[in-house]
Amino acid sequence: QVQLVESGGGLVQAGGSLRLSCTASRNIFSLYWMGWYRQAPGEQRELVAALSTSDSTNYADSVKDRVTISRDNAKTTVYLQMHGLAPRDRAVYYCYVQVVSTTYWGHGPQVTVSS
């Protein structure tokens, strides 16, 4: 079992920045794929960014010039740094880690962008 605890959501003005953090209950981020999804009201959950065990990254086209995913050296926390936020980025952001056939999710902090 893995618990993921996120922080860093909130309200930001358009053009602003936020950094989301996701800390795992044990050191697993170096062992499995992990990343961030988001879900806007009335929309399906979509992948924002993913990070492989070899540190390769995958970003959604809608955010790839504005978002960076990274993890710390202790491999227990992963970050999502977002710049140039726009109202369209408003969503609940979920951290996840894929452990073999099981996906663990964080609680999903809300990100709201005011115009």
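The values are calculated or read from the model by the stated rules, or taken from the named source; none is laboratory data. Please read these numbers as outputs of a predicted model, since none were measured by experiment. FYI the Cβ positions are ideal-geometry reconstructions off the backbone, even for glycines, and counts take in every protein chain you see. Ligands, DNA and RNA are excluded from the accessible area calculation, which covers all protein heavy atoms including side chains. Shrake-Rupley method; radii C 1.70, N 1.55, O 1.52, S 1.80 Å.
Do any strands (runs of 3 or more DSSP E) entirely within the range 20-78 hold 3 or more residues that are not polar (S, T, N, Q), and if so, which? Give the steps one after another, and end with the answer.
Details: elements: 34-39, 46-51, 57-59, 67-71.
Output list reads 34-39, 46-51, 67-71.
Consider the range 86-101. How many of its residues are more than 16 Å from Leu11 (Cα to Cα) and surrounded by 18 or more Cβ atoms within 10 Å (Cβ to Cβ)? Please lay out each step first, then the result.
Kept after step one, since they are more than 16 Å from Leu11 (Cα to Cα), are these residues of the range 86-101: 94-101.
Next, only the ones that are surrounded by 18 or more Cβ atoms within 10 Å (Cβ to Cβ) stay: 94-97.
The qualifying residues number 4.
Can you report the number of residues in the range 3-27 which are surrounded by 17 or more Cβ atoms within 10 Å (Cβ to Cβ) and over 16 Å from the mean Cα position of the chain (by Cα)?
Of the residues in that region, 1 qualify.
Can we say Thr112 is modelled with pLDDT under 95, part of a strand (DSSP E or B) and open to solvent by 10 Å² or more (accessible area, probe 1.4 Å)?
Judged against the criteria, Thr112 is not a match.
Do we find a residue being out of contact with any helix residue (DSSP H, G or I) (no Cβ under 8 Å at 6 or more places or on another chain) and without any contact (Cβ under 8 Å) to a residue 40 or more places away in the chain anywhere in the range 12-24? Walk me through how you get there before you give the answer.
First, the residues of the range 12-24 that are out of contact with any helix residue (DSSP H, G or I) (no Cβ under 8 Å at 6 or more places or on another chain): 12-13, 15-24.
This time we only want the ones that are without any contact (Cβ under 8 Å) to a residue 40 or more places away in the chain, so: none.
Taking every residue of the range 12-24 in turn, none turns out to be out of contact with any helix residue (DSSP H, G or I) (no Cβ under 8 Å at 6 or more places or on another chain) and without any contact (Cβ under 8 Å) to a residue 40 or more places away in the chain.
Take the residues in the range 75-85 that are of a type outside the set (Val, Ile, Thr) and within 16 Å of Trp33 (Cα to Cα); name whichever of them is surrounded by the fewest Cβ atoms within 10 Å (Cβ to Cβ). Let's see the steps before the verdict.
Within the range 75-85, the subset of a type outside the set (Val, Ile, Thr) is 75, 79-85.
Within this subset, residues satisfying the condition of being within 16 Å of Trp33 (Cα to Cα) are 75, 79-80.
Numbers: Lys75: 15, Tyr79: 18, Leu80: 25.
Applying the filter and picking the extreme gives Lys75.
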